[in-house]
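Input: a single structure, listed below in structure tokens.
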Amino acid sequence: MNNLFTKIRDKHALWYKGIVFLFSILFCVFLLPKHQSVQLTHIKPGDVWLNDDIISSFDFLVKKTYTELALEKKESKNQIPYFKKIHFQFDKQFTDLKLLETEEANNIKIYIDSIYKVGVYTSTPQLTYQDSVIYLVDNNEVSLIKKQNLFSINNAKQFLQSRIKSPQTAKYILSKLKPNIIFDEQLSNELFKEQPESTNIYKSKIEKGEPIIRKNDVVTQEQSNILDSYNIELIEQEKQISIFSLIIGQLMACSLILGIMMLFLAFFRKTIFSQNTQVTFIFLIILLIILTTSTVAKYNTKYIYAVPFCLVPILIRVFFDSRTSLFNFLNIILLCAFFTQDKFEFVFIQLIAGIGTIFSVADMGKRSKLFLSALLTFVFYVLSFIAYHLINNTAQAISTIDNYIPFLISSVCVLFSFPLIYIFEKLFGFISDFTLLELCDLNSPLLRQLSQKIPGTFQHSLQVANLAEEACYKIGGNPLLVRTGAMYHDIGKMNNPRFFTENQVGEVSPHEDLSSEESAQIIIDHVIKGVEIAKENKLPEAVIDFIRTHHGTTTTRFFLHNYKKEHEGEIINEELFRYPGPIPFSKETAILMMADGVEASSRSLKKYDAIAIDELVDKIINHQINENQFMNADITFRDINQIKKIFKKRLMNIYHIRIEYPR
């Protein structure tokens with residue numbers, strides 16, 4: 001058991017990375033869509049279908065819309081009403097007509113008989129049925145007739161009034177005239193109750209293999225209804241299929257994509273892989289973008305393009321390098337493609353825009369470049385979008401302004417990278433180019449204090465910064481970081497400036513009154529004091545590392561040599577003359593150690609010529625190699641040879657030495 005705990009403790013960094021990796025896989029699988037039906041949502045009439053043709057993979061019924069069902073229900077209530085015809089006895093209804101002349105009475109009787117034969121109806125307040133046609137029940141016979149062929153009570157009165165000459169007779173006849181076609185409410189209601197309350201909810205059937213919508217079609221209301229029914233059926237079909245195989249596939253895909261990212265860091269970015277905070281940051285960026293994409297996809301898949309994917313290469317590039325930025329961006333795009341309908345279009349457009357963004361931030365020396373980067377991102381989005389749809393003969397998409405809105409939103413979000421850079425710097429202890437530029441400013445408080453208090457050390461730091469920066473450009477690395485580290489590497493000398501030769505101007509060295517051990521301790525203490533001053537001024541750890549490592553674990557050779565002369569034959573404890581370290585652990589810190597040693601030693605040369613400088617550079621750097629100062633740094637002998645050449649050339653330029661040419 002103890003052995004197990006020991007192994008876990010010794011490999012805790014790898015265990016942590018494994019947990020981060022496993023959690024990232026499970027998180028991505030949880031967010032990935034579990035059915036393809038989500039890809040058919042948010043389709044509205046009038047949209048242009050820019051994806052591939054949709055062919056039905058099964059038979060399904062197209063449901064009627066709520067509007068259609070409501071209309072049918074309303075129409076079902078408007079059933080044809082039933083009326084019954086009443087036969088009046090003329091003599092009983094118009095008894096006073098006997099007083100008239102026989103000829104006139106006969107004419108009126110003919111008129112009234114003709115009206116009643118056609119039929120006279122009147123509106124009923126309780127009647128809510130439509131009345132363009134009616135069923136007429138006459139002696140148990142039912143006939144369907146149009147109401148326009150009947151007399152309304154008003155029309156019948158007008159007809160009679162125009163034909164009866166005597167006003168008094170007309171008044172009497174009209175007062176006695178009644179409708180003989182009466183609404184049969186009881187019969188109508190009984191027949192209405194016998195009808196089914198709901199109608200069929202389906203209106204058509206789509207056969208398997210039948211096209212639902214084709215590429216470039218403008219979506220009609222009918223197609224939108226069919227797609228809705230197809231989407232509902234897809235969900236039902238997918239419920240019946242085991243989701244187990246889908247999850248297995250997503251687990252494999254996420255493991256492969258995220259595993260490739262982890263392997264890239266392990267094999268090609270060992271410095272990043274060795275730092276748990278940096279690995280955590282990279283995977284956190286991936287998960288945040290996946291979460292954002294998943295959230296947007298739930299509301300409208302069209303606006304997935306509004307997700308600020310191009311923020312990723314900027315954030316990664318600021319803290320790391322362009323290749324890591326590009327590789328991380330590729331992995332994110334592959335994962336987010338699962339949320340889209342046309343995956344190739346998504347990958348194509350995002351890759352072009354992302355790579356263009358990386359080019360635009362290759363040199364993040366100025367904040368104004370973020371505005372240029374945002375503009376270029378939008379241009380790359382638009383150009384790649386137009387190119388894709390021209391190739392696929394979908395020119396309708398190009399002329400639709402709404403299609404460019406997501407690209408504009410995503411590009412504007414690039415401007416938010418500046419506050420995000422600041423936040424991530426504070427959360428993870430990173431250092432960006434923006435911060436390094438601020439620290440390199442000669443008017444910054446600490447550098448201004450250094451230049452005023454110990455101008456000799458300040459000039460030495462400037463020369464070291466120039467040498468180190470030039471070498472870093474040559475062999476690769478972060479020139480801005482090494483320059484910043486060089487500017488601050490000797491700030492500890494501000495405590496005892498007169499004990500360092502570059503600050504002694506025509507005066508007796510104070511070391512003459514001290515023993516070799518005391519002098520060595522004062523010299524060594526400038527590293528410790530430098531770290532303390534840096535922490536008091538809240539310098540980033542990445543800069544403090546240069547202060548700690550610029551002498552590594554070397555010794556103060558001058559005082560050690562004097563001590564040996566004074567104590568010949570004695571056992572000497574060299575640790576009293578050794579810097580506390582640690583030794584350099586990166587290209588940048590190794591370059592600074594070489595530049596510092598070479599520049600400081602060059603001031604002691606009695607003769608400045610090509611041979612002397614060649615010998616000096618080789619001697620200093622070879623001594624550092626022999627003392628194993630570069631064992632932990634990612635630097636090769638080829639790099640060291642190139643650094644030597646650069647230092648020799650720069651020192652000869654500093655001291656105005658002309659290279660001797662053979663005669």
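The values are calculated or read from the model by the stated rules, or taken from the named source; none is laboratory data. Everything numeric here is computed off the predicted structure, so don't read it as measured data. Don't worry about glycine lacking a Cβ; one is built from the backbone with ideal geometry, like all the others, and counts go over all protein chains shown.
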Any hit, the range 468-482, residues being assigned by TED's automatic domain parsing to the domain that holds Phe647, assigned to a loop (DSSP other than H, G, I, E, B) and surrounded by 18 or more Cβ atoms within 10 Å (Cβ to Cβ): yes
Subset of the range 161-197 [under 24 Å from Phe83 (Cα atoms) and either at pLDDT 75 or above or small (Gly, Ala, Ser) (or both)]: Leu174, Ser175, Lys176, Leu177, Lys178, Pro179, Asn180, Ile181, Ile182, Phe183, Asp184, Ser188
Which listed residue, of Ile454, Ile423, Ile431, is crowded, with 20+ Cβ neighbours inside 10 Å and within 29 Å of the chain's Cα centre (by Cα): Ile431
Unmet requirement for Asp113, which otherwise passes all of (1) modelled with pLDDT of 80 or more; (2) touching a strand residue (DSSP E or B) at 6+ places or on another chain (Cβ under 9 Å); (3) charged (D, E, K, R): (2)
Unique match (being modelled with pLDDT of 90 or more and surrounded by 19 or more Cβ atoms within 10 Å (Cβ to Cβ)) among Thr324, Thr295: Thr324
Cross-chain or 6+ apart pairs with Cβ under 7 Å, the range 401-421 first and without any contact (Cβ under 8 Å) to a residue 40 or more places away in the chain, then surrounded by 14 or more Cβ atoms within 10 Å (Cβ to Cβ) and of a type in the set (Asp, Glu): none
The listed residue being crowded, with 18+ Cβ neighbours inside 10 Å and farther than 29 Å from Arg269 by Cβ, out of His561, His623, His526: His526
Residues within the range 564-589 that are over 23 Å from Leu514 (Cβ atoms), of a type in the set (A, V, I, L, M, F, W, C) and surrounded by fewer than 21 Cβ atoms within 10 Å (Cβ to Cβ), tallied: 1
Exclusive hit being of a type in the set (A, V, I, L, M), at pLDDT below 95 and under 28 Å from Ser384 (Cβ atoms), set Leu256, Leu287, Leu315: Leu315
Residue in the range 266-285 that is crowded, with 21+ Cβ neighbours inside 10 Å, among the aliphatic types (A, V, I, L, M) and in a helix (DSSP H, G or I) present: yes
Among (1) within 13 Å of the chain's Cα centre (by Cα); (2) in a helix (DSSP H, G or I); (3) surrounded by fewer than 22 Cβ atoms within 10 Å (Cβ to Cβ) - the single one Met262 does not satisfy: (1)
Close pairs from the range 565-578: first modelled with pLDDT of 80 or more, partner surrounded by 10 or more Cβ atoms within 10 Å (Cβ to Cβ) and basic (Lys, Arg), Cβ under 9 Å, at least 6 apart: Phe577/Arg557
